[in-house]
């Protein structure tokens, strides 16, 4: 590179590639202990996130277990055409969107309300107790929680006994066998499990709010509700926007573990979601090409939802993106 080009690139803020590589090597040698800690994560991502991308090619092939990725015959978009005419796939889409929108409408707001309620508690020990109790279900697997729900919803379970004692029902019945109630069961049980865990980020943000804001509001005669509305929530706007973007982008990714535990032959019509449908088509029926095509299509739609949600929230945040 000529001296003139070096001067021009330096003046415009663009350093030559050789200089940037040299600076990287110098920085790495100076911090090699810390930098080396990143290498296992990079290797993990390459092996499990980037290398498997090549396997997406079977979505455009007729792949069987006796084929390799290269030997399987190409079929073009045939698998995607089958998806468009598959009634059971669209039933799974309806169930996924129904459950996800319920979780979005109810489950997105509850952690915010719960976090504010915990933050407003003045008694330190009771505050820690409430936090611990709300976090606890998150650390239990769906195998454990699902077993509890199956027992509670059985004909001799806790819920039927309560409903009988209150006179709401006259005959006990297994609630999980009622397909019409499954969406609400899936939504409320997921909120029960994750609401407490979802308060962590909100509590972290609220802990950084300057207390003088609240003191000034008290002097001006603002009520506690007015302080929450005008001080607490505006300071949480960025993290709420970020969580909203991530939630919207995951609308098609309903909880597989929850579905596999709670779904049965009686409620399958309302319980089958896209993830469980892909699992069943791929692992149970061995149609790997079709299952991969469904998964690829869902991923593409999820990326579109992510970008759209980011643009919408940036418009609401004075054109400032949180991603």
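Quick look at the numbers
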{"read-out": "Set 144, 109, 75: member being farther than 29 Å from residue 248 by Cβ and out of contact with any helix residue (DSSP H, G or I) (no Cβ under 9 Å at 6 or more places or on another chain)", "value": "144"}
{"read-out": "Check on residue 270, surrounded by 18 or more Cβ atoms within 10 Å (Cβ to Cβ) and either in contact (Cβ under 8 Å) with a residue 24 or more places away in the chain or more than 30 Å from residue 173 (Cβ to Cβ) (or both)", "value": "yes"}
{"read-out": "Number of the condition not met by residue 185 [criteria: (1) under 23 Å from residue 131 (Cβ atoms); (2) modelled with pLDDT of 90 or more; (3) buried (at least 16 other Cβ atoms within 10 Å of the Cβ)]", "value": "(1)"}
{"read-out": "Residue in segment 108-117 that is at pLDDT below 90 and farther than 23 Å from residue 264 by Cβ present", "value": "no"}
{"read-out": "Residue 89 loosely packed, with under 13 Cβ neighbours inside 10 Å and either part of a loop (DSSP other than H, G, I, E, B) or within 30 Å of the chain's Cα centre (by Cα) (or both)", "value": "no"}
{"read-out": "So residue 216, is it surrounded by 12 or more Cβ atoms within 10 Å (Cβ to Cβ), over 19 Å from the mean Cα position of the chain (by Cα), without any contact (Cβ under 8 Å) to a residue 12 or more places away in the chain and not in a helix (DSSP H, G or I)", "value": "no"}
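The values are calculated or read from the model by the stated rules, or taken from the named source; none is laboratory data. Keep in mind the model is a prediction, meaning the values are calculated, not measured. Virtual Cβ from ideal backbone geometry, glycine too; neighbours counted across all protein chains shown.
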